[in-house]
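Working notes, structure below.
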Amino acid sequence: MRHILILGAGTAGTIMANRLARALRPGLAAGKVRMTIVDPSPTHVFQPGLIFIPFGGYGREKLLRDRGPTIDRDVRLVRSAIVAMDPETDTVTLSDGERMPYDICIVATGTRLAPEATPGLMGAAWRHSIFDFYTLEGAEALAYGLDCLTGGRLVINVAPGPIKAPSAPLEFAFLADEYLTRCGVRDRVEIVYVTPLDGPSSHATYSRSLERLLDAKDVRVVTGFSTERVNGALREIHSDDGRTERFDLLVTVPEHRGADFVATAAGLGDARNFVRTDPRTLQADVKPNVFAIGDATDCPTDKVASAAQHAARVLERNVLHYLRGEPLEPAFDGHANTLVETGRDRAMLVDFNYSTSPMPGRFPFAWGPAPLLRESVLNHIGKLAARHWYWGRLLPGRNFLGIGEQMKRAGKRSPREGTDLRLAVAPRRRGTQWRAW
Ligand SMILES: Cc1cc2nc3c(=O)[nH]c(=O)nc-3n(C[C@H](O)[C@H](O)[C@H](O)COP(=O)(O)OP(=O)(O)OC[C@H]3O[C@@H](n4cnc5c(N)ncnc54)[C@H](O)[C@@H]3O)c2cc1C
């Protein structure tokens, strides 16, 4: 009997468990294969919905589900944490000391926020004037923080290094502009977006579209600011090149790390505990029977659920190839697509892969219906519907009509210099109310 062990039952681990269980149903029924998934948390969080919590759009009941029913009945769910992994002996150790052997291991333990990595961030001001929104508790606390903001400087600060959902802090800036306008205090609040990158995004075309939007919403952008330390008492953040930004309310996206056990498994991870992974096959460098998927990897695409969804289709086939002793397919192209809420009932859609930055055009078919790199009401409707797609199709590991695992070129066009910029900002309807579904 072959044992497939999945570490982490978040987005990527759950999709993999459900896809593999369907593909291996006869083997599971005949007792030739067994599958286990390990996660300490009883609840699955729909993380993309966290962005709406600080603005009162969603309550926690919209984001949380019991983890058990999200996983195929033929996969054993073990509620425990992995504390160690030994690729030499093909075993992991659980938090209660149990050692669990595997034939194939899929690491899907995502990222961990590491606010402690920035000196001063978690001092007395934490959750008083300094907040995050990448956790449910942080997002809920920030709702109160925002309510108390009647003037001054709202600074959104992204820490250096890879983070999940790199568009989420930009969405926060857009939604904060709308929210503070609705509250009647926008003219008294300066919104400042402070990033370690050279622009709002690492993708050039997308960055230029974002610059136009941020400018239109009067959000000041500070680039190349690699935060070294925070002084909560003086309400200042300091960069490693000696610059200072003052804040009244600081919204931070802290540094990200992979799971702690990755650090102690020789050869498994990089300096930030992300699993060294072949970006095309999703096989880990450490050993052929170890694979990795989702935010846990060091693959050079965005750490987003959609990338995990596309990667899962490739990894499913590669696990089956591995079981049959066949060569793996180098088929994952880093495809990711993200709906970016831009406020006032609009959202922008970006679609890209390892080698192609977001392009203007149409998605998912050559004719559309969704526009790329442009704000639209349709994209906003898609953003609000995403939570239903997530529970109903993405987590069960079902494919989406028209959206392939690899990025399509049909319907896309190379941006002529400046063209996409003029199209990027849609005319505004004044005074629209944002509503959550
Ligand atoms: C604010 C925000 C907005 C976002 N917006 C979008 C968006 O618009 N579109 C999009 O596509 N994506 C978005 N994302 C990103 C998306 O949620 C993640 O990329 C996705 O959930 C990654 O899946 P994962 O399985 O790799 O990690 P996760 O879903 O985080 O799952 C990791 C799992 O591993 C478990 N785990 C961790 N350590 C251990 C251990 N030692 N032992 C056992 N289990 C462990 C955890 O409990 C967790 O359940 C957003 C994320 C945030 C925070």
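The values are calculated or read from the model by the stated rules, or taken from the named source; none is laboratory data. None of these values were measured; they are calculated from a predicted model. Because the Cβ atoms are built from the backbone with ideal geometry, glycine has one as well, and the counts that use them run over all protein chains shown. Heads up: the accessible areas ignore ligands, DNA and RNA and are worked out on the full protein's heavy atoms, side chains in. Shrake-Rupley method; radii C 1.70, N 1.55, O 1.52, S 1.80 Å.
The value of relative contact order for the chain, using C-alpha pairs under 8 Å at least six residues apart, is 16 percent. Ranking Phe133, Ile71, Ile82 by how far each Cα lies toward the positive end of the dipole of the stretch 57-135 (charges on Cβ) leaves Phe133 at the top. If a/c stays under 1.5 just call it rounded; otherwise compare a/b with b/c (prolate if a/b is bigger, oblate if not). Do that for the stretch 50-207, with a ≥ b ≥ c from the square roots of the Cα gyration tensor eigenvalues. Prolate shape, in that a/c is at least 1.5 and a/b is the bigger ratio. Compared with the direct C-alpha span, the chain from Arg220 to Met1 gains 72.9 nm at full extension, assuming 0.36 nm per residue.
Taking all protein chains into account, the per residue accessible area for the chain stands at 40 Å² (1.4 Å probe).
Centroid-to-centroid, using Cα positions, the stretch 325-377 and the stretch 64-89 are 30 Å apart. Expressed as a fraction of 2.2 N^0.38 Å, the C-alpha radius of gyration for the chain is 0.98.
Fully extended, how many nm does the chain gain between Ala410 and Asp260 (0.36 nm per residue separation, minus their Cα-Cα distance)?
Numbers: separation 150, 0.36 × 150 = 54.00 nm, distance 4.17 nm.
Using 0.36 nm per residue and subtracting the Cα-Cα distance, I get 49.8 nm.
With an 8 Å cut-off on Cα pairs and a minimum separation of 6 or more residues, tell me the relative contact order of the stretch 152-311 in percent. Write out the running numbers ahead of the final one.
On the way: 269 pairs, mean separation 36.2, N = 160.
Relative contact order comes out at 23 percent.
Fully extending the segment from Glu140 to Val377, taken as 0.36 nm per residue of separation minus the present Cα-Cα distance, adds 82.6 nm.
Rounded, prolate or oblate for the stretch 203-294? Axes are the square roots of the Cα gyration tensor eigenvalues, ordered a ≥ b ≥ c, and the cut-off for rounded is a/c under 1.5. Oblate, because a/c is 1.5 or more while a/b does not exceed b/c. Mean projected area of the Cα convex hull of the stretch 235-371, taken over all directions, amounts to 12.5 nm².
With charges only on Cβ, +1 for K and R and -1 for D and E, what is the dipole size of the stretch 311-424 about its Cα centre, in debye, rounded to 20?
Numbers: 17 positive and 11 negative charges, 68 e Å.
The calculation lands at about 320 debye.
Taking a ≥ b ≥ c as the square roots of the eigenvalues of the Cα gyration tensor, the stretch 52-91 is oblate, since a/c reaches 1.5 or more and a/b is not larger than b/c. Among the trypsin sites (Lys or Arg not before Pro) in the stretch 116-206, those placed in a DSSP loop whose Cβ has at most 16 other Cβ atoms within 10 Å are Arg127. Of the residues Asn399, Ala168, Leu268, the one whose Cα sits farthest toward the positive end of the charge dipole of the chain, with +1 on the Cβ of Lys and Arg and -1 on the Cβ of Asp and Glu, is Asn399.
When GluC sites (Glu not before Pro) are flagged only if DSSP places them in a loop and at most 15 other Cβ atoms lie within 10 Å, the longest unflagged stretch of the chain comes out as 99-416. Structure remark: mean-square fluctuation, Gaussian network model of the chain, C-alpha springs under 10 Å; the largest value among Gly361, Gly258, Gly184 belongs to Gly184.
Tell me the mean residue ellipticity at 222 nm calculated for the chain from its helices only (DSSP H runs of n ≥ 4, each -39500 (n - 2.57), averaged over every residue, nearest 500).
Numbers: 9 runs with 102 residues, N = 437.
Calculated from helices alone, the mean residue ellipticity at 222 nm is -7000 deg cm²/dmol.
Here's the picture: a label point sits 7 Å out from the Cα of Ser41 along the beta-carbon direction, and within the stretch 129-148 the residues with their amide nitrogen under 14 Å of it are 133-140. Placing +1 on the Cβ of every Lys and Arg and -1 on the Cβ of every Asp and Glu, with nothing else charged, gives the stretch 96-211 a dipole about its Cα centre of roughly 260 debye. Springs between Cα atoms under 10 Å define the GNM used for the chain, and in it the highest mean-square fluctuation of Tyr144, Tyr179, Tyr134 occurs at Tyr144. Please identify which residues in the stretch 131-169 have an amide N closer than 20 Å to a label point set 7 Å out from the Cα of Ala124, following the Cα→Cβ vector. The answer is 131-132, 145, whose backbone nitrogens lie closer than 20 Å to the label point. Mind grabbing the accessible area of Ile71 for me, 1.4 Å probe, Å², rounded to tens? Number for this one is 20 Å². Here's the picture: charge each Lys and Arg Cβ at +1 and each Asp and Glu Cβ at -1 in the chain, and of Val253, Val319, Pro360 the one pushed furthest to the positive end of that dipole is Pro360. For the stretch 332-385, the set of trypsin sites (Lys or Arg not before Pro) satisfying both a DSSP loop assignment and a count of at most 11 other C-beta atoms within 10 Å is empty. Using a Förster distance of 35 Å, how high is the FRET efficiency between Asp248 and Ala117, based on the Cβ-Cβ distance and rounded to 0.05? Given R0 = 35 Å and the Cβ-Cβ separation, E is 0.90.
Structure remark: mean-square fluctuation, Gaussian network model of the chain, C-alpha springs under 10 Å; the largest value among Leu146, Leu213, Leu323 belongs to Leu323.
Placing +1 on the Cβ of every Lys and Arg and -1 on the Cβ of every Asp and Glu, with nothing else charged, gives the chain a dipole about its Cα centre of roughly 1720 debye. The fraction of accessible area contributed by carbon and sulfur in the stretch 353-407 is 59 percent, rounded to a whole number (1.4 Å probe; ligands and nucleic acids excluded). Applying 1/(1 + (r/R0)^6) with r as the Cβ-Cβ distance of Glu190 and Ala29 and R0 = 45 angstrom yields a FRET efficiency of 0.15.
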